[in-house]
Amino acid sequence: MTPGQNRTLLVSQIKDGTVIDHITAGEALNVLTILGIAGTTTESLSIATNVASRKEGRKDILKISGRELRKEEVDRIALIAPHATINIIRDYEVVEKKGVTVPPVIKGVVKCPNPGCISNAKEPIESAFEVLGKELRCCYCDWMITKNIASHII
Ligand SMILES: [Zn+2]
């Protein structure tokens, strides 16, 4: 099998659902976490990691059967996988293809590292971060997250 054939197979195998392609290599599991899918799902998942890619060298691919992800859901992953492409599949055909764009504010995805932050108090306050390029600023206490965003995912 040539790499080209293998690639087609990887992306076209599901009947209905979402294929997230061009995920930064090694980030597929973090992407699942951000999407809130990891461990709790009835969807059928398949994950391909470190797939050879002409564009990125190595990439991860995620396939989620039976679920079409909404734009707001997938935009969150732009934080850790800015080159990801989203393919919506219906009856084995790609019916929609879109990139991801980082939202101006992300809510409920990242935990504030400041233990004194009100979003870490017992009150049910959802975390909120303003996205500033590759950095995040807490909307409550102005704490900055400047690296390893994935390690702060709730
Ligand atoms: Zn905070």
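The values are calculated or read from the model by the stated rules, or taken from the named source; none is laboratory data. Predicted model only: the values in this text are computed from it and were never measured. Cβ sites come from the backbone with ideal geometry, for glycine too, and all protein chains shown count toward neighbours. What goes into the accessible areas is simple: the full protein's heavy atoms, side chains included, and nothing from ligands, DNA or RNA. Shrake-Rupley method; radii C 1.70, N 1.55, O 1.52, S 1.80 Å.
What to note about this one:
- Using a cutoff of 8 angstrom between alpha carbon atoms and counting only pairs six or more residues apart, the relative contact order for the stretch 32-154 works out to 17 percent.
- With Cα atoms, 0 to 90° folded angle of helix 3-12 axis to the chain main axis: 60 degrees
- Expected 222 nm ellipticity per residue - DSSP helices of 4 or more, -39500 (n - 2.57), all of the chain, to 500: -4000 deg cm²/dmol
- Shown are 29, 69, whose ranking by accessible area with a 1.4 Å probe and every protein chain present, most to least, is 29, 69.
- Taking all protein chains as shown and a probe of 1.4 angstrom, residue 60 keeps an accessible surface of around 0 Å².
- Taking GluC sites (Glu not before Pro) across the stretch 39-136, the ones in a DSSP loop with at most 11 further Cβ atoms lying within 10 angstrom of their Cβ are 126.
- Size of electric dipole in the stretch 105-152: Cβ of Lys, Arg +1 and of Asp, Glu -1, about Cα centre, debye, nearest 20: 140 debye
- Whichever aspartates and glutamates have a C-alpha closer than 20 Å to that of residue 71, once near sequence neighbours (fewer than 8 apart) are set aside: 16, 21, 27, 43, 60, 93, 96, 130
- Each other residue within a Cβ distance under 13 Å of residue 90 adds +1 if Lys or Arg and -1 if Asp or Glu, for a net charge of -2.
- Flagged links, alpha-carbon separation over 29 Å, of 55/134; 15/147; 98/147; 55/111; 15/111: 15/147; 55/111; 15/111
- Apportionment of accessible area to carbon and sulfur, the chain, percent (1.4 Å): 52 percent
- Accessible-area ranking of 67, 90, largest first, probe 1.4 Å: 90, 67
- Pairs of Cα atoms in the stretch 105-152 fall into 10 Å distance bins, from 0 up to the last occupied one, in shares of 30, 61, 9, 0 percent.
- Accessible area expressed per residue, the chain, with surrounding protein chains retained (probe 1.4 Å, Å²): 56 Å²
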